[in-house]
Amino acid sequence: TKKFWEMNAWVSMEPWATFDYFEPRTVGRFYRYPTNRGVGLFLSTDSRKEVLLKTNIRLRFLDEEDRNTFRFSIGPRWRVSDQLNFSFNTAVNFFSNDVGFVNKVSKNADEKDIIFGIRDISTVENSLFAAYNFTPTMSLTFRMRHYWSKVSYDKFAMLNLNGTLDPTDYKGNHNANFNAFNIDMIYRWRFAPGSDLYVVWKNSILENQQRTDLDYWSNLDGLFENPQRNIISLKMIYFLDYNSIFSHNS
């Protein structure tokens, strides 16, 4: 039987409110997470073929005004030969009217108010991977990744003891525009059974600012003006057979 593609679809539902004890970041406090429902779809072409394409879509609708999430990813893979292959993946997430922890402000000497924010979050992650096998014992891999996240706050609220939110006059600029760019290149040589020599190059750029008026391309244009960190390392792992060593000595 020929296999041309694979498809999976699913539906999820949380008909009762749940309690999030992690987001308040305070022992004993919780946030009352609203009821919600979601759908998802996964599609993939034949993984045995030289060229593969897969995609994943997820939607979640929460029972609060204009609050929802959208996740989408797509990634082709090209197996050029038994020695060389490439893959690329793009993942996009959008959170509309998301709710989460922002700050703690002093209410009195012994108590603090927990402030949550209502915000829009967008993230984009692109990654490129390539691998080449020179011989069965020698290979080179390359991975490049760019992660971008933008958070824009609309308003703030105070967390009540019962997990609900009330309006607050809290003000602050907690908007964020975060970038992380990384390159990892690894040469590996297995020179003996269980023994490897690694030569690794790592490049990284980190940027964090509060501008939220940038789109993806204008944000990317200024990213490489930031300082870069480059690290080259050498690592060797050598396998010693304890039994064979002591059997020769006995």
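Every read-out reported here was derived from the displayed coordinates using simple, explicitly stated rules and does not represent laboratory data. Owing to the predicted nature of the structure, the values given are computational and were not obtained by experimental measurement. Glycine also receives a Cβ, built like all others from the backbone with ideal geometry; neighbour counts cover every protein chain displayed.
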Completion exercise
Per the range 164-250, sqrt(5λ) over the Cα gyration tensor eigenvalues, sorted largest first, in Å, gives 50, 21, 9
Completion exercise
So the number of lysine pairs in the chain with alpha-carbon atoms under 23 angstrom apart, 8 or more residues apart or on different chains, is 15
Completion exercise
Calculating Cα extents along the principal axes in Å from this structure picks out, from [x] 53, 39, 36; [y] 73, 54, 47; [z] 55, 40, 32, entry [y]
Problem - Estimated FRET transfer efficiency when R0 is 22 angstrom, pair N133-I231 (beta carbons, to 0.05) - result: 0.35
Problem - Helix-derived mean residue ellipticity, 222 nm - over the chain, DSSP H n ≥ 4, -39500 (n - 2.57), to 500 - result: -1500 deg cm²/dmol
